[in-house]
């Protein structure tokens, strides 16, 4: 039986999985990639490979989180959940982007990090918006 949850509870769950839990495993996997391939690949290739692993884990985190929400919870206000999730994730991604820019200020780093965080935000935005929009349509059809 699904429990009905408020928008805040859904957002906390979704953000927790997509910004902390799965990215942690992405960092761990990235560490092992660097450890085992670090001597055989150049620095640029390693950085791109590590970031691709991170993007993959963000994707998995979003998919897992939405799947878990779908199985366990009834979302009381899908539109509000979607809006708050996207805003919170956007703010967190912008903060991480700013930190990465100020860490090493050069034009290549700015462009690279903008593309990297743009891809991550796009993944989160597209899947989150689609999922909660479908929930709203389903709730309207049932009512």
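The values are calculated or read from the model by the stated rules, or taken from the named source; none is laboratory data. Bear in mind the structure is a predicted one, so any value in this text is a computation, not a measurement. Glycine gets a Cβ as well: all are built from the backbone with ideal geometry, and neighbour counts include every protein chain shown.
Within the range 86-102, the presence of a residue that is surrounded by 13 or more Cβ atoms within 10 Å (Cβ to Cβ), within 28 Å of residue 130 (Cβ to Cβ) and touching a strand residue (DSSP E or B) at 6+ places or on another chain (Cβ under 9 Å) is excluded.
Can you find a residue in the range 9-21 that is farther than 28 Å from residue 132 by Cα and assigned to a helix (DSSP H, G or I)? First the steps, then the outcome.
Taking the range 9-21 and keeping what is farther than 28 Å from residue 132 by Cα, we get none.
No: the range 9-21 contains no residue that is farther than 28 Å from residue 132 by Cα and assigned to a helix (DSSP H, G or I).
Remark: residue 81 matches the filter, which requires a residue to be at pLDDT 90 or above and either assigned to a helix (DSSP H, G or I) or more than 20 Å from the chain's Cα centre (by Cα) (or both).
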